[in-house]
Amino acid sequence: MDKYNPKSIEQKWQSYWEENKTFSTPTDATSENKYYILPQLPYPSGSGLHVGHAEVYTACDIYARYQRMKGKKVLQVFGLDSFGLPAENYAIKTNVHPKETIDQTGANFVEQVKKLGASVDWDRFVRSSDPEYYKFTQWFFLLMYERGLAYRKTQAVNWCDSCKTVLANAQVVDGHCERCDTVVVQKDMEQWYLKITDYAEKLLEGLDRIDWPEETKKRQKDWIGKSMGASIAFDVLDVRNTKSTKIRNSEIEVFTTRPDTLFGATYMVLAPEGQYVQELKENIENWEDVESYIVATSKKTELERQTEKEKTGVEVKGVKAVNPANGEEIPIWVADYVIATYGTGAIMAVPAHDERDFEFAKKYKLPIKQVVESIKYYVSINKEEIDLNGLFTEFSSDDIQEFTYNGKYTLEAYDKNLFIKALKKYSRLSSISILSGVTENIENWYKKEEEKEIFCYPNFGISINSEFLNRLTTQEAKEKMIDWLEEHNVGKRKIQYKLRDWSVSRQRFWGAPLPMVVNEQLSISKKQYVFIHGYGGDAQSNFFPWMKQELEAKGHTVVLLDLPNTDKPNVKEQADFLKEKISFNENTVIVAHSLGGPVAFRILENLGAPIAKLILADPVFRPEFNDGERSDVTASDSFVFDFEKIKANADAISIISDAKHVTIKKEHIDELSSIFNARHIEVDLSERHLMVAEIPALLEEALMTGVKPVPFSDLPVLLPEDVDFKPTGQSPLTYSKTFQEGVEEKYGNGPSSASTSAKASADEKATAGTWKREVNTLDTFMCSSWYFFRYLDPHNEKEFASPEALKTWMPVDFYLGGPEHVNGHLLYSRFFTKVLFDAGYIDFDEPFTVHRHQGLILGPDGRKMSKRWGNVINPSDVVDVYGADTMRMYEMFMGPLEDDKPWDDAGVRGVRRFLDRVWNLQDVLVKDEEIGNLKLEIGDLDKETHKVLKKVGDDLATLNFNTAIAKLMELTNAFYKVEKVPITNYILLITMLAPFAPHMAEELWQLLGHDTQLAFAEWPQYDESKLVSDTMTIAVQVNGKVRATIDIASDASEDDVKATAMADENVKKWMGGNEPKKVIYVKGKIVNVVV
RNA sequence: GCCGCCGUGGUGGAACUGGUAGACACGCACGACUCAAAAUCGUGUGGAGAAAUCCGUGUCGGUUCGAUUCCGACCGGCGGCACCA
């Protein structure tokens, strides 16, 4: 027998696997027998694979190999997240093109993964920086855009001045850039966003249906940050003169989770950067003070605002707010403890019941009014079950009080320990549940009560000084107040989320180009908005007056006319009417509602030049239609349109179908009649979304002009080669000479320079009116949000993946990745999946059924591995010295997969020693027929083998690799205790070893004469009959302390066991001649004698 | 500050739904082999004690025949969020 030589064995099998494509994905997989194992997508860093990567690929591979042996059709693939900053930063330093860098580091990465013996289907390898891949990253962006989930907006963004790029909230760590640690500043910039906030509720709800670590789910929940409460409108008064007057159209809306405390709202605070301060500017007496405060605040970095604890603010003089509950006039302040981006950027301050408000009120001597009284502990109980004699003499009535609440006899106390003491002493009930940490769940309280337990309900409040809310619990008061607000039209129930929209544009080179063309001139120029109302409507109906006001406030012109014959509409007549009155030009945006849709189409059918945009709001496209109240109204028109002309005459066409969602379907506009079945959208007719006055999504859509998507047929928008990487804050693509070539011919000329607004600079004028490619690139998180779909069908040029592949393989059965991605990648992937689901591409809406995190592997010194500490372990070095099988097994043996654990070189040697021992057992193998008089020992070995087989199988299924390996070591040790080892047992050992140490196991398998692949051998079934033994060992306790163990027949009766136990000398001794009071027997485990 | 997780030998870690705490491995000690060392193999190894035995799962208390496991308070470590109204 040769010595165990991992190097040659591993090389041999790795080439064999590669040449024979051993692990190519089975073609006979079905949605029932498939198993999709997904290791996280790595960025191929220049320093190569680190031990953490190795942990992920090894764990996934072990699991994949195990599932294969269990008969599953396994999909295990590898790819690279190859777009991103490091390669670009390296390019800036060395002028090596990122593509070259990635080719090299990526190849190195793949090489290293192969050396670990990963059983991956390499034909499905993908890189996110390849055009074939990012074509679909761009497609996903277009999908988002089509569905009204992508928009462009100028707002303050997180800016890293070192990376010269915008960062998503998830990329900001402690106010610093995640990558380079520079302090993040806020900067106003025009950026593209994805409306992930629209999916807040769905993202929250789906968490209940997936098997993920609880804390991960919780972190996502917290990040989404759902709060339920109310929005409340406060009137604003101008009090500069002695007679206060209500400022017209000026209400301040606040969000609160505690509407029950409205009576305690004694002042109001506005965020310095919020909208309200600017709106009130005219009425503010001390504008100079206020303004200087605003300026001072804006100069602070995010970090400063976080660290400064002391609250500051300035009173806004000349205006007062009116508390709608009691009509009190309360002062208005500006303070930076209120943030502009959450809620409405304004709060009602209730200093008595909010710590921050309290602190602020104390500092500025503002009134504090208590409106909630805290009741510490309540118990509601049947009076008969408690013997009250003595209760009120032993405890003072200040400590414990009795009263009737909701018809129940109730005790109330402010001190919990005292309360429990009293309950115990005077209660006749044996069990007392004290529920803690639960607040305001009064239903629960009642429920428990019915179960006749004494139930203690801690810590809830009762409203006081609040008129109609008095004596109500907080929960009840909240409800009642919301009802009251809605009744009086001053507020309504509202759900607020912390989650913000995801900014996806980056001013960097090495990413997928954003597949849009933009016309900056058109986007900033003032527009002429033409509103077209529907059947039976007029200029005052629906959302029109509101939207007119909003648009005019922004300096646009709005044309809003009453159409002729609105009760007996003739589409052509109305279209001609409008064409005669209005000059439609490249700055026109048409917003058409209902039957206005066909009217707009008739207008567009013959125009000389295209308009900027057409927005169809819940359009109707058939002669006879039903609006829910009046039926079978006939609009006289053929409803046959020249769609080609219409499309040519509008640079963008959007359809908004309900109050929230905009669908942009210029490409598919001719499907309109079938899509909508020519009726109003099938919303619940009691809730006609588009009839409401305010539709923020519609306004947003109307304001977004000068952008249009690159059609799918033109994808991919290729990243140009001729760029300068120098970070200037401008996108590097700006400097490419080739990037904009042919764009104008393809996507058209915009408005002529005649319509150029006065604001445009000379530079802008020079390029005014042209459509250009968007020069920003997409956040790399967009690439990694869908890669698990691409693996299913990586060479498909038409679709991101075929429906058949999706149906067969998704969702992912097991996903392993780091906890650092919880509120980034993992959330985004779920978002993408849900959008695909809503768009009808897939029939599931959660991508990863089971998800786990690997723990961090620390350096031998217990610190995080880092060049700085010089404690970095390179997995390739370990593989070179000890072999991949040792590396794999050691990493799995270190501890639980999800725990952080330090590296230990001696531990690696221990694992190698184990493998050597397994290998060396070849010398003592004996064929079954030669066992002879070794029988007895072999019998025990056989039992041991099957016990281990069961345990290892269980552990593999539950990912407890460390204990599985421990068992394999135990079995090997057992083999060393006997003279000869039967081949059958040895084969079972190496079969169990196959997922962990595949090279060695495969080699031994072959050496033992097999001509099949162990990798595809069936996972052996343990022999149930060998698990039972004739005798069992029972521990015997006397008064809870182990005094003896007895061996007894496994089928002994309880009485036999007890008798034998008590007959034991030592047990007798400890019983001291006393009669047992009680003898407890737990079957097969323990006897406890109580004396 | 709020929320979550965790605390077991010299070390990494075992212990199923409360049932013989410390599996397995490292380290250490002793022994075998060797001229010697390494490697390998064997024995021992939670602490105290000569032993019987006692004490031991962060600390204190509780529930239980019995607690690493359940409950309460506290201490310590790690992670998340951070003026989110």
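What to note about this one:
- Hits among lysines - C-alpha to C-alpha of residue A:365 under 19 Å, sequence gap 8 or more where chains match: A:309, A:311, A:317, A:320
- Sites matching trypsin sites (Lys or Arg not before Pro) across the stretch A:1-62 that sit in DSSP coil, with at most 14 neighbouring C-beta atoms within 10 Å: A:3, A:21
- Positive-end residue of A:517, A:533, A:566, charge dipole of the stretch A:449-583 with Cβ unit charges: A:517
- Residues in the stretch A:476-490 that a label on residue A:329 would reach, taking backbone N under 13 Å of a point 7 Å out along Cα→Cβ: none
- Cross-link pairs A:7/A:34; A:613/A:746; A:1041/A:1068 - those with Cα-Cα distance over 22 Å: A:7/A:34
- Gyration tensor verdict on the stretch A:83-196 (Cα atoms; rounded if a/c is under 1.5, prolate if a/b is larger than b/c, oblate otherwise): oblate
- Probe 1.4 Å, protein heavy atoms only - accessible area per residue of the stretch A:941-1079 in square angstrom: 49 Å²
- Given charges at beta-carbon only (K, R positive; D, E negative), |dipole| of the stretch A:112-185 in Debye: 160 debye
- Peptide ranges A:570-578, A:787-795 listed from the most packed, as the mean C-beta count within 10 angstrom indicates: A:787-795, A:570-578
- Order by protection proxy (mean Cβ within 10 Å, highest first), peptides A:741-748, A:730-737, A:133-140: A:133-140, A:730-737, A:741-748
- Förster-model FRET efficiency, 22 Å R0, residue A:373 and residue A:221, C-beta, rounded to 0.05: 0.10
- Simple point charges give the picture: +1 on the Cβ of Lys and Arg, -1 on the Cβ of Asp and Glu, and for the stretch A:40-137 a dipole about the Cα centre of about 480 debye.
- Surface share of carbon and sulfur [accessible, 1.4 angstrom probe, percent] for the stretch A:826-930: 48 percent
- Simple spin-label estimate for residue A:93 and residue A:843 in nanometres, 7 Å along Cα-Cβ: 5.1 nm
- In this rough spin-label picture, where each label sits 7 Å from Cα along the Cβ direction, the residue A:642-residue A:298 distance is 5.0 nm.
- A full extension of the chain between residue A:746 and residue A:538 corresponds to an added length of 70.9 nm, given 0.36 nm per residue minus the alpha carbon distance.
- Surface share of carbon and sulfur [accessible, 1.4 angstrom probe, percent] for the stretch A:957-1091: 51 percent
- Taking each residue as 0.36 nm, the span from residue A:188 to residue A:242 lengthens on full extension beyond its C-alpha to C-alpha distance by 15.4 nm.
- Peptides A:359-372, A:251-264 ranked from most to least packed give A:251-264, A:359-372, packing being the mean of other C-beta atoms within 10 angstrom over each peptide's residues.
- Under 15 Å from residue A:647, Cα to Cα: aspartates and glutamates that are on another chain or at least 8 residues apart: A:586, A:605, A:667, A:670, A:671
- If you plug the beta carbon distance of residue A:957 and residue A:471 into 1/(1 + (r/R0)^6) with R0 = 56 Å, you get a FRET efficiency near 0.50.
- Gap separating the Cα centres of the stretch A:19-65 and the stretch A:467-528, nearest whole Å: 41 Å
- Pairs from A:226/A:548; A:99/A:195; A:226/A:281; A:950/A:1083 whose Cα-Cα separation, in the structure shown, is over 29 Å: A:226/A:548; A:99/A:195; A:226/A:281
- With a Förster radius of 35 Å applied to the C-beta separation of residue A:738 and residue A:798, the computed FRET efficiency comes to 0.85.
- Full-extension gain in nm, residue A:2 to residue A:1018, via 0.36 nm per residue minus C-alpha separation: 363.0 nm
- Label-point separation in nm, residue A:1066 to residue A:289, each point 7 Å along Cα→Cβ: 8.4 nm
- Relative contact order, percent, the stretch A:80-230 [alpha-carbon distance under 8 Å, six or more residues apart]: 17 percent
- Exceeding the 25 Å Cα-Cα cut-off - candidates A:645/A:772; A:135/A:202; A:943/A:967: A:135/A:202
The values are calculated or read from the model by the stated rules, or taken from the named source; none is laboratory data. No experiment lies behind these values; they were computed from the predicted model shown. No Cβ is skipped: glycine too gets one built from the backbone with ideal geometry, and neighbour counts run over all protein chains shown. In case anyone asks, the SASA skips ligands and DNA or RNA and just uses the protein heavy atoms, side chains included. Shrake-Rupley method; radii C 1.70, N 1.55, O 1.52, S 1.80 Å.
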